[in-house]
Amino acid sequence: MKVGGNYMYKKGFTERSFLLYVAVFIAGAIVASAFWNLNQLILFRDISFEEDYDYIIYKEAEKIVVKNGATGCIDFVESDFQKALNNILKDNVRVFLKNDSYDITSDIFLENLENVKILSNGAKLNFNKKSFVIRGENYKLSRYNSIEGVSIINGSVKIENSFMVSIRRCNFIDSENGVIFLNTNGWTECSVIEDCFFINVRKCVIFKTPQDNGTESYASTEIKRCYFELVNANSVAIHVEARADFNEGLVQNIRVWMGGLCCVNQTGILVEGSMLNTLLEDTVFESFAKLPLNVYGIRLERNSEPPIFGQSLVFLGNMTNKIYNPFGKWLYGIGGAFKIENLSIPLSFNNAYGECKEITPPSYLSFSISTLNLKIQVEGNFSLNENVTLRLRLKFMDGSTSRELTKCFNSAMSIWLDHDDFLILWPTTNIISSLMIDARTNLPSSNVNIYISLYGSYN
């Protein structure tokens, strides 16, 4: 019995010890898990969990810590931010920068990379006149890269030979240059600058003159919901340099503040190259200058091509000129007026129409038929029994034409088309791309001359 009793005692003791061990283990695991999750919450509470990140970078005791987003382990620690970032840059990498202040001592290169995303919730990058350089040997090797949510102080982003780069929710502060577009081999197109704020940047967005084997094209680039606070002299919000072609793009919902602390040599948009077919709309240029000197909303140089001026283009305050246009560049706008005067129409013989004169508005605009006013002048000496017929047709965007309107003359006169005339030409649901005019006489020769003048507005 004694032996048996000891056996029962030992057995009970062992079971209680095992259960106690299990309880302690589970409690420790719960505490450790809670501590780890609390630590992650404190460190990364501002990170969006809607998206996974390959790496998370943060500062700890003045060191740059690179944490692996997949394993949760610290991959390495660096003393320099640019070294830490350059070590992990590769195709398709997503990097989150925790909100902190980081000092940059050399350029950071995203070279020949695709789908690199660098995102933060407000990290301050002190660039010390250095740059983020997004560069490709050509656009096929540098595509779909983006930078979001950082403040770039005393530095810039340079985009070179790249396709579909996105710069979003960034602040550019106290810099010589903000975003620089450059072509050195091919082109840089379809970029987006959106929801950005430029504060005391001398040249905020620059489309550079191409170099080496670069083309002129920065086509289909968009600048949207951006705000520019020009502080010092010789400041420009958007600068299109000579031979740079910012064409078929969009500048929308931007605001430029000028003439505050300084009211000398400040320009909202400076065009030396081309903004042909780029739409400018919902844009405000606001000047606080009392005595402005060379303060312009828009400045157009000798070899420039202006943008299309859309809706809600607003100029507030005192400026030297709202639009400085010393070389008389034609300003195209939705709803803009135009005139074409004394255009000679060729006259064909023997009752057969010959050469057709086609009057075409600028690309991406169309005639508004409801505003057209057309004058026909028939001059010269009519021969006996001579009849001259002038034919007018509208050509539409899809290549079709309207019904024809004919006007017949047997003597010199001047007439204006009336409403009934235009109703014959009136389209149903199509866009007018040109007005076609040709003329004929029933004789083999003629001394009659025909001129037309056209006044109206574009759509």
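Read-outs: derived from the displayed coordinates by stated rules, not from any lab. Keep in mind the model is a prediction, meaning the values are calculated, not measured. No Cβ is skipped: glycine too gets one built from the backbone with ideal geometry, and neighbour counts run over all protein chains shown.
Rounded to the nearest 10 degrees, the angle from helix 2-44 to the longest Cα principal axis of the chain is 30 degrees.
I need the shape label for the range 172-227. Rule: rounded when a/c is under 1.5, else prolate if a/b > b/c, else oblate, with a, b, c from the alpha carbon gyration tensor. It is oblate, given that a/c is not under 1.5 and a/b is not larger than b/c.
Taking square-rooted eigenvalues a ≥ b ≥ c of the alpha carbon gyration tensor, is the range 337-457 rounded, prolate or oblate, where a/c under 1.5 means rounded and, failing that, a/b exceeding b/c means prolate? It is prolate, given that a/c is not under 1.5 and a/b is the larger ratio. Potential lengthening of the chain between ILE26 and ARG403 amounts to 126.9 nm, from the contour at 0.36 nm per residue minus the alpha-carbon distance.
Database remark: amide H of LYS357 closer than 5 angstrom to the amide H of ILE437, ASP438 (H placed geometrically; neighbours at sequence offset of 5 or more, or on other chains; Pro and chain starts carry no H). Going from the residue with the fewest nearby Cβ atoms within 10 Å to the one with the most, ARG440, ARG302 rank ARG302, ARG440.
Remark: the Cα gyration tensor places the range 99-332 in the oblate category, a/c being 1.5 or greater and a/b not exceeding b/c. The range 283-313 and the range 140-178 have Cα centres separated by 25 Å. Summing Cβ point charges (Lys, Arg +1; Asp, Glu -1) relative to the Cα centre of the chain gives a dipole of roughly 1220 debye. Short-range pairs are left out: with C-alpha atoms under 8 Å and at least six residues apart, the relative contact order of the range 52-134 is 27 percent. Counting only DSSP H runs of at least 4 residues, each contributing -39500 (n - 2.57), and dividing by the residue count of the chain, the helix-based mean residue ellipticity at 222 nm comes to -4500 deg cm²/dmol. Only Cα pairs under 8 Å and 6+ residues apart enter the sum, and on that basis the relative contact order of the range 337-457 stands at 50 percent.
By DSSP, what percent of the beta bridges with both residues in the chain are antiparallel, rounded to the nearest 5?
About 30 percent, rounded to the nearest 5.
Our summary gives the chain a relative contact order of 8 percent, counting only alpha carbon pairs under 8 angstrom and 6 or more residues apart.
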